[in-house]
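Q: Handing you a structure now.
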Amino acid sequence: MRTIEHWIDNALVGSTSGRTAPVYNPATGQQQAQVVLASDEEVDAAVASAARAARGWRETSLSKRSDILFTFRHLVVSRRAELAEIVTSEHGKVPSDAAGEIARGLENVEFACGIPQLLKGSFTEQASTGVDVYSIRQPLGVVAGITPFNFPAMVPMWMFANAIACGNAFILKPSEKDPSASLFIAALLKEAGLPPGVFTVLQGDKGAVDRLLSHPDVAAISFVGSTPVARSIYTHGTAHGKRVQALGGAKNHMVVLPDADIDMAADAAVSAAYGSAGERCMAVSVVVAVGGVADPLVDAIAKRLPMIEVGPGSQPSAEMGPLITGEHRDKVAGYLADAPAEGATVVVDGRTAQLPAEGFFLGVSLIDNVRPGMRCYDEEIFGPVLSIVRVDTYDEAVALVNTHQFGNGTAIFTRDGGAARSFQFDINVGMVGVNVPIPVPVAYYSFGGWKASLFGDSNMYGPAGIDFYTRTKTVTARWPDPATSQVDLGFPRTR
């Protein structure tokens with residue numbers, strides 16, 4: 001059985017904890033490897049390595065950091081097929097989806113390559129007589145990222161590209177469900193010239209996370225995952241004096257107004273709901289159909305679903321792969337089982353689809369007549385299930401979105417520019433799409449939701465990422481003639 005190890009000081013390192021977790025191929029349901037789970041002592045050793053590296057890395061010029069990241073980007077591009085294959089093998093998403101994940105992750109690396117410009121401070125000459133004032137940005141030291149299973153390549157790039165560019169040493173604790181992509185990335189960073197200890201992969205479970213949260217030498221924690229875990233990480237991390245950005249769950253609504261193009265809206269809803277088997281925090285999981293658009297829209301969506309081919313990534317024609325585990329598949333299926341008793345209508349039931357005999361597959365599903373208070377509406381499903389909520393007016397649609405506990409992403413489909421502008425103004429959600437179903441910001445903006453979708457004051461990647469991984473120092477400098485020196489107990493004033 002293949003064993004997936006840690007990456008410390010630019011080398012694979014085994015574990016002495018004696019604990020492991022299984023790594024499955026979701027398309028077959030078979031265990032393909034085991035991943036080691038770090039002990040507290042192994043966490044401490046990883047942090048110590050990163051702390052040693054951070055001192056020298058901070059002194060490395062911005063040009064050199066940028067050059068290493070440029071080289072890393074080139075290496076990923078040249079070997080992205082291999083990385084996509086690893087993602088498909090352990091996560092289950094089809095190759096086109098895995099390739100898209102890598103491409104979006106690389107956008108963040110490209111942004112970080114501009115670090116000489118991004119770390120420019122400010123300078124004010126003669127702020128007072130003979131006094132200059134300037135600000136500089138400096139790294140935090142050792143920072144850690146805890147990433148989810150659904151984007152084993154992209155989400156780490158959201159974090160480590162900016163963190164390393166800013167001069168920090170970065171410790172990645174990937175999901176134990178699909179940890180191999182992190183080691184492939186680590187090897188490419190080494191090949192690009194990154195010094196030992198600047199990028200560490202620490203395999204582990206909750207025990208490793210808890211130790212990182214309490215370790216005195218870890219200055220900041222970045223997290224993407226479910227809301228209960230995000231809330232816990234934010235609470236415990238900040239209690240130990242750390243900066244924390246913790247992205248939680250989502251329930252993304254797509255509002256379709258009566259004037260929208262039905263076919264375009266249906267195409268967008270299907271693409272955004274079922275891509276990556278719905279295991280995306282920005283997936284559309286609720287379509288809010290306003291007025292008379294509901295019946296034709298539901299019909300248009302339902303007609304498209306039989307054409308979606310579900311299968312393993314090794315099958316060239318497959319458009320949607322399996323879910324990550326058998327347990328999660330069964331949990332998602334449970335929402336379909338409960339929906340009729342709550343008054344909803346299961347229009348397309350993925351449990352009855354023709355699916356591969358092996359693996360953690362579930363077909364695409366559509367539920368109509370969904371209302372607040374139903375489990376399939378209130379909770380994050382994180383699977384290939386799309387719900388339809390019918391409302392009469394635009395105001396009802398806005399109120400529906402604004403009262404939900406999550407506020408990650410939303411979208412509106414309309415031909416009315418005034419309605420679209422009103423929507424982006426009225427809506428209490430962090431990321432908004434206008435005729436764009438998955439409004440994930442480009443790398444030079446930042447990613448983050450509102451309400452129970454984000455804990456902490458900082459969004460992720462882009463300019464917010466640079467702010468998160470640095471702290472500002474302001475220097476006030478004066479070079480007077482010693483002959484003019486005198487004692488003055490008055491409060492300093494600008495003159």
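Q: Which helices pass in the chain if a helix is a full DSSP H run, must span at least 15 angstrom along its long axis by Cα, and must have mean Kyte-Doolittle hydropathy not below -0.5?
A: Result, helices passing both filters: 62-78, 80-91, 95-112, 154-165, 180-192, 227-239, 262-274, 294-304.
Q: Can you spot the lysines whose alpha carbon is less than 18 Å from LYS120's alpha carbon? Ignore those fewer than 8 places along the same chain.
A: By straight Cα distance, LYS120 reaches LYS64, LYS473.
Q: Give me the Debye-computed log₁₀ of I(q)/I(0) at q = 0.08, 0.13, 0.15 Å⁻¹ for the range 252-434, equal point scatterers on Cα only, no solvent, two decimals.
A: The Debye formula, applied to the Cα set alone, gives -0.23, -0.62, -0.82.
Q: So, R0 is 41 Å and r is the distance between the beta-carbons of ARG19 and THR472; what FRET efficiency does that work out to, to 0.05?
A: Calculated value: 0.50.
Q: Exposed loop sites here are GluC sites (Glu not before Pro) in DSSP loop states with at most 15 other C-beta atoms within 10 Å. What is the longest stretch of the chain lacking them?
A: With GluC sites (Glu not before Pro) excluded where exposed in loops, the chain gives 1-308 as its longest stretch.
Q: Follow-up question, since we're still on this one. Out of every Cα-Cα pair in the range 295-352, what percent are more than 16 Å apart?
A: Summing the P(r) of the range 295-352 above 16 Å gives 59 percent of all pairs.
Q: Let me ask you something else. Of all DSSP beta bridges in the chain, what percent run antiparallel (nearest 5)?
A: Once the DSSP bridges in the chain are tallied, antiparallel ones form about 40 percent.
Q: Determine the principal axes of the Cα atoms in the range 351-419, then give the extent along each, sorted from largest to smallest and rounded to whole angstroms.
A: 49, 28, 23
Q: Sticking with this one: Is the range 1-136 best put as rounded, prolate or oblate by its Cα gyration tensor, with a ≥ b ≥ c the root eigenvalues, rounded for a/c under 1.5, and otherwise prolate when a/b is larger than b/c, oblate when not?
A: Taking the square roots of the gyration eigenvalues as a ≥ b ≥ c, the range 1-136 is oblate.
Q: Count the net charge of all other residues whose Cβ sits under 11 Å from the Cβ of ASP467, scoring Lys and Arg as +1 and Asp and Glu as -1.
A: Values: positive: ARG137, ARG243, ARG471; negative: ASP457.
Local net charge: +2.
Q: Rounded to a whole number, what is D in µm²/s for the range 371-470 from Stokes-Einstein with the Kirkwood radius over alpha-carbon pairs (10 °C, 1.306 mPa s)?
A: D, rounded to a whole number, is 106 µm²/s.
Q: How fast does the range 101-245 diffuse by Stokes-Einstein, in µm²/s, taking the Kirkwood radius from C-alpha pairs at 25 °C and 0.890 mPa s?
A: So the translational diffusion coefficient is about 149 µm²/s.
Q: Still on this model: Could you tell me whether the chain comes out rounded, prolate or oblate from its Cα gyration tensor? Rule is a ≥ b ≥ c as square roots of the eigenvalues, rounded for a/c under 1.5, then prolate if a/b exceeds b/c, otherwise oblate.
A: Cα axes put the chain in the oblate bin.
None of the figures in this text is laboratory data; all of them are computed from the coordinates on show. No experiment lies behind these values; they were computed from the predicted model shown. All Cβ positions, even for glycine, are placed from backbone atoms using ideal geometry, and neighbour counts span all protein chains on display.
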